[in-house]
1. Which of Lys116/Lys198; Lys134/Lys197; Lys75/Lys188; Lys75/Lys197; Lys29/Lys198; Lys102/Lys180 have a Cα-Cα distance over 32 Å?
2. What's the carbon and sulfur percent of region 49-112's accessible surface, probe 1.4 angstrom, rounded to a whole number?
3. What does DSSP give for the chain in terms of the percent of beta bridges that are antiparallel, rounded to the nearest 5?
4. Need the full-extension length gain, Leu196 to Ser165, defined as separation in residues times 0.36 nm minus the C-alpha distance. One decimal, nm.
5. Would you list, by chain and number, the aspartates and glutamates whose Cα falls below 17 Å from the Cα of Lys8, excluding same-chain residues fewer than 8 positions away?
6. Can you pull the percent of region 157-222's accessible area that's carbon plus sulfur, 1.4 Å probe, other chains left in place?
7. Residue-wise, which Karplus ³J(HN,Hα) couplings in Hz belong to region 68-82, taking 6.51 cos²θ - 1.76 cosθ + 1.60, θ = phi - 60°, and x for glycine or proline?
8. Can you compute the modelled spin-label distance between Lys116 and Gln33, with each label point 7 Å from Cα toward Cβ, in nm?
Amino acid sequence: EAYDLLLKDSVQLLFGTRELTANELQILKERKQRARTQIFAIDGIALIVNNANTDSLITVNDIRKIMTGEIRSWKELNPNSKLGDIEISFDSPNSSIVRYIKDSICNGQPLGANVKARSANQLSYDLDSITPNKKVIDFVASNPNALGVVGVNWVSNPNDSLKLSFTNKVQVMAVSRDTKAFRDNSYKPLPYQLALKKYPLRRELYIIITDVQGGLPSGFVKFAAGDQGQRIVLRSGLLPGINPTRLVRIN
């Protein structure tokens, strides 16, 4: 919807998870507008489970099988599991996370019938209502069989200045690229793991602006890409996309 509004010239700035396509750029060109795209953060797609779930490690291949419906129960992942069918929850059927899972994880395969959006019956929210992402977190927190998919900033611990922990309301899974997940080859979407490209479910976040003449949107882009804006990005649990990150290794 945001990209559609930009193409209609109803907004001049958006935050998104993809760049404009060639067709979209052509529409702007025909209107004699020029778009500027700036990476402002690196995001991690977090897989969250109930605190009662003992399965905290998963592979990318298993994620693909779960999302396409090939794997439907926790027992198929772990024969010792006491849980039942996996209940998958997204924030919205039009979510960029759904698009990421389809394109980057499932390689274009359709999602399984067991994949549901918590906001499917409520696609718009006012500022005082519960957001779709919080709805997913609440669903996972109250359902032992649930597997939620949200942006990492929604489960980041706001009280941890180092951003090395998550909310205690749910459990964040560690993901492995290998054929079998172990603790030493599985990673969580912490900012430093995103910086090292260890966490597999990683994506860029963009600011796209059509007002490049120095107006208010242009000033906001300058702020978001500057030191203060990038510190806010880090405080939210994301990896800054512009400012250099200092990595300290302690032996």
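The values are calculated or read from the model by the stated rules, or taken from the named source; none is laboratory data. This one's a predicted model, so the numbers in the text were calculated from it and none came from an experiment. FYI the Cβ positions are ideal-geometry reconstructions off the backbone, even for glycines, and counts take in every protein chain you see. Ligands, DNA and RNA are excluded from the accessible area calculation, which covers all protein heavy atoms including side chains. Shrake-Rupley method; radii C 1.70, N 1.55, O 1.52, S 1.80 Å.
1. Violating the 32 Å limit, Cα to Cα: Lys29/Lys198.
2. C and S atoms contribute 44 percent here.
3. Working: 24 of 33 bridges.
About 75 percent, rounded to the nearest 5.
4. The Leu196-Ser165 span can extend by a further 9.4 nm.
5. Glu19, Glu24, Glu30, Asp211
6. Details: 1870 of 3660 Å².
Result for region 157-222: 51 percent of the exposed heavy-atom area is carbon or sulfur.
7. With the stated coefficients, region 68-82 comes to 8, x, 5, 10, 10, 10, 5, 5, 5, 7, 9, x, 8, 5, 9 Hz.
8. 3.8
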